[in-house]
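First up is the structure itself, then whatever we jot down about it.
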Amino acid sequence: MDLDALLQAFTPSWTSVAILVVFFTYLAIAGSILPGRVVPGATLADGTRLHYRCNGLLSLVLLVLLLGIGGWMDLVSPTAIADRGLELLSTTLIFSALVTFLLYMAGCRSRDQSSSLKPHISGNLIHDWWFGIQLNPQFMGIDLKFYFVRAGMMGWLLINLSVLAKCILETNLSRSMILYQLFCVLYILDYFFYEEYMTSTWDIIAERLGFMLVFGDLVWIPFTFSIQGWWLLNNEVQLTTAAIVANCLVFMIGYLVFRGANKQKHVFKKNPKALIWGRPPKVIGGKLLASGYWGIARHSNYLGDLLLALSFSLPCGISSPVPYFYPIYLFILLIWRERRDEARCAQKYKEVWAEYKKQVPWRILPYVY
Ligand code: NDP
C-alpha cells in the first residue's frame, strides 16, 4: 500500500462517524434502560460507594441480535466494520482526544469535593489530560469509566464478528480463524457475565479518567486485540490436530486461573469468611487473602490473563510475530501494573502487605518470578 492509499484508508468518513454515533448512542440507551443487577462499587476514600448497573451481557446480546436482523434484512452490511477498519480506528482516536479534552475542561471547572469527582490538578496540561482529573466522572447519569470499558470490549467483539463475516464471504474459513473467534467470543461473553467483578479492578478504583484510559478502552482494546483476526484474513495457517488440542489446553488453563483468581478475590472482598477451594480462607491482618490462587502467587490473576492472551495468538502459528502483539503488550503492561499495584498496596496495607509478601513470595508466576 503506498502512502496516498494509506492516508486515504485512515481518513475518517461520515460513514465511520455514523457507525460510532449509533454505537455510542445504543450503549448509552441500552445501559440506562435495560434491566440488570445494580451492584455497589468499592468504598471510596470518603466512605461513599458508586452503584453500577450490570446489564452489559443483555446489551451485547441484544445488539448482536439487532445487527444480525439488520444484516439479514440487508439494512446493514456484516462487513461494514471490517471494510473500514483503519478509518474507524482514526475516527475513534479523534473521538477519544475530543472527549478527554472535554473531560479535562469539566474536571478543571468542578468544585465537587466527593472522592469520585474531586479534581486532581497538577497544573501540567498534558499530564492532567493524559492521566485525567476526576476518578469517576459522569455524563447524564452515566458513569463514563464503566461505559467506555464496556464500549471497548463490545467493540472488540463487533470487529471480530465483522472480520469473520468478511472471511466467510470473501475467503476460506480456516480452523485457525474458528479457534481465534471462539476463544475471543468466550472471553468477551465471560467478561460481561461477570461484569460486576470489574467494579473492584484497578482501573475502576484507582485510575482517573483521562486520555490514557479512554484511549486504552476505545482504541487499544478493540483495534489491537483483534490483530490476529485481521492477520488471519490475509494469511493461511495449517494447524495440526495436536496443535489445536494444545491451544485449547492453554486457553482452558488460562481461563481457570484468570476467572478463578478474580472470583476468589471478589468473593473474599464481599465475605471474608467465604470458603476458598472448600476450606476456610487464610487471611492476613483481616484484609488480605492468602489462600487459593492468591496463596500460590501474588497477582496470579495476571498469569491467567497472559495464558489466555497467548491462546488467542497461537491459532496464527509461529511464522510471524505480528499476531503476538497482544500477549507481548499484555506481558509488559501487567509486569508494570503489578509493580505499581505492589507499591500502592505496600502503602495502603503497610505491615500487613509485608507479612503477605513473606507468606506468598512469588509474583504472577510461582517458582519463577
Ligand atoms: P486486580 O484485580 O488484581 O486488583 C488489584 C487490587 O486487588 C489491589 O490493589 C488490592 O486492592 C487488591 N488485592 C491485591 N492482592 C490482594 C489479596 N491477596 N487479597 C485481597 N485483595 C488483594 O488487578 P487489576 O484491576 O489490574 O486486574 C483485574 C483483571 O483484569 C486481571 O485479571 C487482569 O489480568 C485483567 N486486566 C486485563 C487487561 C487487558 O488488557 N487484557 C489490562 C489490565 C487488567 P484493594 O485496595 O481493594 O485491597
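The values are calculated or read from the model by the stated rules, or taken from the named source; none is laboratory data. If you're wondering where the values come from, they're calculated on a predicted model, not measured in any experiment. Using ideal geometry, Cβ is built from the backbone for each residue, glycine included, and neighbour counts are taken over all protein chains shown. For the accessible areas, the whole protein counts, side chains as well, though only heavy atoms, and no ligand, DNA or RNA atoms are used. Shrake-Rupley method; radii C 1.70, N 1.55, O 1.52, S 1.80 Å.
Summary of values
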read-out: Test: residue in region 272-293 that is within 11 Å of the ligand (Cβ to nearest atom), within 30 Å of ASN234 (Cβ to Cβ) and open to solvent by 30 Å² or more (accessible area, probe 1.4 Å); value: no
read-out: Members of region 164-180 found to be of a type in the set (A, V, I, L, M), surrounded by fewer than 21 Cβ atoms within 10 Å (Cβ to Cβ) and closer than 15 Å to ASN247 by Cα, listed by number; value: ILE178
read-out: Members of region 199-217 that are within 13 Å of the ligand (Cβ to nearest atom), in a helix (DSSP H, G or I) and touching a residue at least 60 places away in the same chain (Cβ under 8 Å); value: THR199, SER200, TRP202, ILE204, ILE205, ALA206, MET212, LEU213, PHE215, GLY216, ASP217
read-out: Region 241-271: number of residues that are more than 10 Å from the ligand (Cβ to nearest atom), in a helix (DSSP H, G or I) and open to solvent by 70 Å² or more (accessible area, probe 1.4 Å); value: 9
read-out: Residue count for region 45-88, restricted to those that are under 18 Å from LEU20 (Cα atoms), within 19 Å of the chain's Cα centre (by Cα) and outside any helix (DSSP H, G or I); value: 0
read-out: Conditions (1) near the ligand (Cβ under 10 Å from one of its atoms); (2) open to solvent by 40 Å² or more (accessible area, probe 1.4 Å); (3) without any contact (Cβ under 8 Å) to a residue 40 or more places away in the chain; number of the one not met by ALA346; value: (1)
read-out: Cβ pairs under 7 Å, 6+ apart, first in region 331-343 and under 15 Å from THR201 (Cα atoms), second within 8 Å of the ligand (Cβ to nearest atom) and of a type in the set (Ser, Thr, Tyr); value: LEU334/TYR302; GLU338/TYR302
read-out: Cβ-Cβ under 9 Å pairs, at least 6 apart or on other chains, region 1-21 side without any contact (Cβ under 8 Å) to a residue 40 or more places away in the chain, far side small (Gly, Ala, Ser); value: MET1/ALA9
read-out: Residue count for region 41-70, restricted to those that are of a type outside the set (A, V, I, L, M), touching a residue at least 40 places away in the same chain (Cβ under 8 Å) and surrounded by fewer than 17 Cβ atoms within 10 Å (Cβ to Cβ); value: 2
read-out: THR199 hydroxyl-bearing (Ser, Thr, Tyr) and open to solvent by 50 Å² or more (accessible area, probe 1.4 Å); value: no
read-out: Residue in region 220-236 that is surrounded by fewer than 20 Cβ atoms within 10 Å (Cβ to Cβ) and more than 25 Å from GLY152 (Cβ to Cβ) present; value: yes
read-out: Filter result (assigned to a strand (DSSP E or B) and among the charged types (D, E, K, R)) within region 273-293; value: ARG279
read-out: Among residues of region 94-113, those that are assigned to a loop (DSSP other than H, G, I, E, B) and surrounded by 15 or more Cβ atoms within 10 Å (Cβ to Cβ), counted; value: 1
read-out: Long-range neighbours under 7 Å by Cβ, at least six apart or interchain, first residue more than 22 Å from LEU50 (Cβ to Cβ) within region 91-119, second open to solvent by 30 Å² or more (accessible area, probe 1.4 Å) and of a type in the set (Phe, Trp, Tyr); value: SER96/PHE215; PHE101/TRP129
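Conditions (1) within 15 Å of the ligand (Cβ to nearest atom); (2) at pLDDT below 95; (3) touching a Cys at 6+ places or on another chain (Cβ under 6 Å); (4) open to solvent by less than 40 Å² (accessible area, probe 1.4 Å), marked per residue:
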position	(1), (2), (3), (4)
LEU303	yes, no, no, yes
LEU306	yes, no, no, yes
SER313	yes, no, no, yes
VAL322	no, no, no, no
GLU338	yes, yes, no, yes
